[in-house]
Amino acid sequence: MGNPISRVLSTTALILAITTGSQAAENVLFSFTGLNGNGPNGTLVSDSKGNLYGTTVEGGSSTNCSQGCGVVFKLSPGPNGAWEETVLHSFAGGNDGADPYAGLILDSHGNLYGTTFFGGGTSCTDAYGDQGCGIVFRLTPSGDDWKETILYRFQGGTAGDGSGPFAGVIFDTRGNLYGTTLNGGDQSCLCGTVFELTLNSEGEWKEKILHNFAAGSNDGANPYGGLTFGAHGELYGTTYGGGNYGTVFQLVPESSSWKIKLIHIFQGGADGGDPYAGVILDTLGNVYGTSAAGTAFELTPHSNAWTETILYFFNGEIQFPSSPLVFDKAGHLYGTCLYGGPYDNGAVFELAKSPSGTWTENQIVGFSGSDGGYPYYAGLIVNSKGDLYGVTAGGGTANDGVVYEIKP
């Protein structure tokens with residue numbers, strides 16, 4: 001399938017050295033055991049006190065889902081290096097949410113915002129019996145308790161709305177929320193949407209669909225990843241399908257609508273494809289991301305064209321990068337791979353740029369099972385000291401996943 005976008009594209013495959021001698025110290029902060037959560041898949045978020053917040057897809061106290069409907073949790077550092085978990089909310093399915101795959105965001109008041117893939121009491125049902133089209137929610141602290149408010153319930157394809165928000169949401173400078181849904185939208189495709197939620201004067205959140213994905217060679221389809229703002233208010237994201245082997249897109253606000261541009265269409269092979277994760281930007285406006293077919297890439301803007309550089313092709317030692325990247329203060333990139341490592345349970349990697357402009361890859365942790373396994377879609381966060389924090393969906397004492405810390 002040809003590339004329909006009229007632009008200059010130069011794919012540069014760099015020859016990179018693989019270093020394996022610089023292993024980092026990993027510390028398991030918490031192991032999930034079902035009732036307190038099972039299978040974390042979303043990237044963590046931290047507050048100013050060093051507390052960590054996240055979600056698990058399953059687990060919790062509700063019996064409305066066969067394995068539990070998932071939880072929102074808080075981890076707090078305690079004495080002697082121990083961390084204490086608090087379950088802030090246990091999803092109940094039905095009119096409440098179920099199966100939060102995405103991580104959370106914090107506002108300036110300490111409120112948490114996120115999404116669940118199912119739940120909400122609407123009409124979507126999948127082959128496994130999970131029900132509801134998903135929700136956007138807020139958790140507000142009130143003393144020792146947290147109050148859940150459902151900001152929006154997705155209605156699904158028959159209503160022309162999105163369904164199944166797999167990724168989380170982000171804020172703009174005015175407090176509006178933006179996100180993607182994996183499914184729903186255009187009736188002829190149900191290939192997902194980009195949406196905005198705006199708080200009106202009556203205290204209600206109203207949804208606006210910014211884009212309905214339509215698949216084919218001219219559009220993306222099925223965005224698993226979330227969104228990132230550019231310097232001029234434009235949105236960037238990825239789609240797993242559409243184009244050829246998935247896309248990277250840009251949405252630009254215009255007077256009363258948003259205009260989409262595919263800034264990269266994956267071609268498979270050495271170019272990669274099937275991106276699950278969203279992208280990040282540096283201060284120059286360059287875009288960085290991963291594709292599950294085995295690449296870490298950079299997209300550089302040049303007038304109306306974008307140039308792709310393959311920073312690394314994962315081919316054997318660790319495989320299937322399905323999480324977003326993150327920068328540290330030194331400009332190094334960190335991410336996770338679902339498979340590979342010495343035990344084939346996944347790994348954490350570092351990409352460092354040399355003075356000559358090439359990038360070297362270093363596998364800094366290979367999960368063994370007892371210390372975690374299979375990070376799936378969860379990326380990493382970096383604190384001011386350069387320490388990394390993340391989650392794995394499996395491994396740990398009950399094989400229900402862990403929260404871990406890495407000190408490079």
For segment 251-408, compute the number of Lys pairs whose alpha carbons are separated by less than 26 Å, excluding pairs fewer than 8 positions apart on the same chain. 6
Give me the dipole magnitude in Debye, nearest 20, for the chain about the Cα centre, with unit charges on the beta carbon: positive for Lys and Arg, negative for Asp and Glu. 600
Label points 7 Å out from Cα along the Cβ direction at N27 and L284: separation in nm? 3.6
Give me the one-decimal nm value for the distance between modelled label points at N383 and S217, 7 Å along each residue's Cα-to-Cβ direction. 5.2
Which percent of Cα-Cα pairs in the chain sits in each 10 Å bin, short to long? 5, 24, 33, 27, 10, 1
Determine which aspartates and glutamates satisfy two conditions relative to K206: a Cα distance under 20 Å, and not lying fewer than 8 residues away in the same chain. D96, D107, E148, D161, D172, D186, E196, E254
Segment 249-284 and segment 353-404: distance between their alpha carbon centers, rounded to Å: 25
Could you line up H232, H89 from fewest to most neighbouring Cβ atoms inside 10 Å? H232, H89
Using θ = phi - 60° and the Karplus curve 6.51 cos²θ - 1.76 cosθ + 1.60, what whole-Hz ³J(HN,Hα) does each residue of segment 377-383 get, with Gly and Pro shown as x? 9, 7, x, 10, 10, 10, 8
Can you tally the net charge around D400? Count Lys and Arg as +1, Asp and Glu as -1, for every other residue whose Cβ sits under 13 Å from the Cβ of D400. -2
What ranking of C337, C69 emerges when the number of other C-beta atoms within 10 Å of each C-beta is taken as an exposure proxy, fewest first? C337, C69
Going highest first, how would you order 310-317, 188-195 by mean Cβ packing within 10 Å? 188-195, 310-317
If you find the alpha carbon centre of segment 149-195 and of segment 107-144, how far apart are they in angstrom? 12
Modelled label-to-label distance, N200 and S255, 7 Å Cα→beta-carbon offset: nm? 2.4
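No value in this document is a laboratory result; all are computed from the given coordinates. These figures come from a predicted structure and were not determined experimentally. Please note: Cβ atoms are built from the backbone with ideal geometry, for glycine as well, and neighbour counts cover all protein chains shown.
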